[in-house]
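Since the structure comes first, as structure tokens, the remarks are kept for the end.
What follows draws every value from the coordinates through simple rules; no lab data is involved. As the structure is a prediction and not an experimental result, all values here were calculated from the model. All Cβ positions, even for glycine, are placed from backbone atoms using ideal geometry, and neighbour counts span all protein chains on display.
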């Protein structure tokens, strides 16, 4: 292995570690609050919807699968869906209307008051993700944004924002999936391991 290649590996590793540590140090309480909100929504019969483009679409599908199948403990399946997977809906909406509407129209069709939408955009400026959040708010669906950089136009539109303060897409995405995994873990915790902690929020 050349020394330059080895240095590239270690520098990238260290940069990712520093970013992840800084993000969770600054956002741990917000991650817990969002997970609790998601758990309340599920306990009340709601669902979680997720959307994003490219790598963020893959993250949406990945996390939806963790909820529907299982994460780290044996428990009943939880209702979650990625709005990125129905090619007939995506292509019909994109063809008949615009690509900007491919997620928004699904939120309009499927979203119910009390559901949660997880909207993922590394730039915070993905037009179709922004439109999805606007549609969610109109339906009284809780909007959670996962963004990077400054948070872009998406940030102010979300009820909850988890912004990764970096400009490198790959590093932002790595933190996003770590956040997603932590949300899965905490939702399971509230629904199946510490139900009494959730009770006051269900009664509110």
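Observations on the model:
- Using only the C-alpha atoms, the convex hull of the chain corresponds to 138 Å³ per residue.
- Where both bridge residues fall in the range 53-187, DSSP classifies roughly 0% of the beta bridges as antiparallel.
- Euclidean distance of C-alpha centroids, the range 67-131 and the range 133-204, integer Å: 14
- Top of 157, 185, 75 by mean-square fluctuation, Gaussian network on the chain, Cα under 10 Å: 75
- Placing a label point 7 Å from the Cα of residue 73 along the Cα-to-Cβ direction, the residues of the range 159-197 whose backbone N falls under 17 Å of that point are 181-197.
- Where labels lie 7 Å past Cα in the beta-carbon direction, separation of residue 197 and residue 15 in nm: 3.5
- Extent along the principal axes, Cα only, for the range 69-127: 42, 26, 23 Å, with the longest axis given first.
- GNM on the chain, alpha-carbon springs under 10 angstrom: the most fluctuating residue among 193, 174, 113 is 193.
- Using the rule -39500 (n - 2.57) for each DSSP H run of four or more residues, divided by the residues of the chain, the 222 nm mean residue ellipticity is -18500 deg cm²/dmol.
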